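Visitor: Below you'll find the structure I mean.
The values are calculated or read from the model by the stated rules, or taken from the named source; none is laboratory data. Here the structure is a predicted model, which means the values were calculated and not measured. Here Cβ is always computed from backbone atoms with ideal geometry, including for glycine, and neighbour counts include all displayed protein chains. Heavy atoms of the whole protein, side chains included, go into the accessibility calculation; ligands, DNA and RNA do not. Shrake-Rupley method; radii C 1.70, N 1.55, O 1.52, S 1.80 Å.
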Amino acid sequence: MPSASSYSGKAVPSIIGEDLTIVGNVTSKGEIQVDGEIQGDVHCVSLLLGEKSRVIGGVVADDVVVRGSVSGSISGMRVTLQAQSHVEGDIYHQSLSIEQGAYFEGKSRRVEDPVKEARQSRETGKPAAEPAKTATGFGSAFGANTTSSASTPADSDDDALTLSDDASDEKAKAAE
């Protein structure tokens, strides 16, 4: 009898339903779709986090699409934060897309191969090498305008991009 994955020629994703909570790490050599909750790290090739999903832990995958909530770091070649997503943690990526209305609080760092670095740091217990470009940001689930500015002082080799919402700009000005 043929397996479910042989019908379409493409592997069927592993699905974690809304009524399921997993306490512990989850590892797959394929795609995972999460609609429930994972309290632990997730390592896979492709990860789709549904609107009601919640991950409390780190995520490492080539492709990551977030519609739900992540409290922890994300390392992925291609990371997409959709409008209803809520992410609190650093994102290490080669490509990052953040839709308007997505909430993101943490640092965004472009890394040549974030998945490889995350796996190496997990195996050795040492943090990954410091990437060259850094962005910090937070957006708002309420659709606040997010502004970006970049400045490169003549005596600095470090390219920095800072994202912030209007309210934090006002707080920073008031603190000065």
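Visitor: Tally time: how many residues in the range 69-110 are aliphatic (A, V, I, L, M) and under 14 Å from Arg54 (Cα atoms)? Spell out the reasoning first.
Guide: As a first pass, look at the range 69-110 and keep what is aliphatic (A, V, I, L, M): 70, 74, 77, 79, 81, 83, 87, 91, 96, 98, 102.
If we keep only those that are under 14 Å from Arg54 (Cα atoms) too, we end up with 70, 74, 81, 87.
Count: 4.
Visitor: Enumerate the strands (runs of 3 or more DSSP E) found wholly within the range 54-113, keeping only those where 1 or more residues are within 23 Å of Leu20 (Cβ to Cβ).
Guide: On the way: elements: 54-56, 59-66, 69-71, 74-81, 86-88, 91-98, 103-110.
Filter on the range 54-113 gives 54-56, 59-66, 69-71, 74-81, 86-88.
Visitor: Considering only the range 38-56, state which residues are open to solvent by less than 60 Å² (accessible area, probe 1.4 Å) and either within 21 Å of Ala83 (Cβ to Cβ) or out of contact with any strand residue (DSSP E or B) (no Cβ under 8 Å at 6 or more places or on another chain) (or both).
Guide: Ser46, Leu47, Leu48, Leu49, Gly50, Ser53, Val55
Visitor: Turning to a different aspect of this structure: Look through Ser75, Ser97 and report the one residue that is buried (at least 16 other Cβ atoms within 10 Å of the Cβ) and polar (S, T, N, Q).
Guide: Details: Ser97 fails: buried (at least 16 other Cβ atoms within 10 Å of the Cβ).
Only one candidate passes the filter, namely Ser75.
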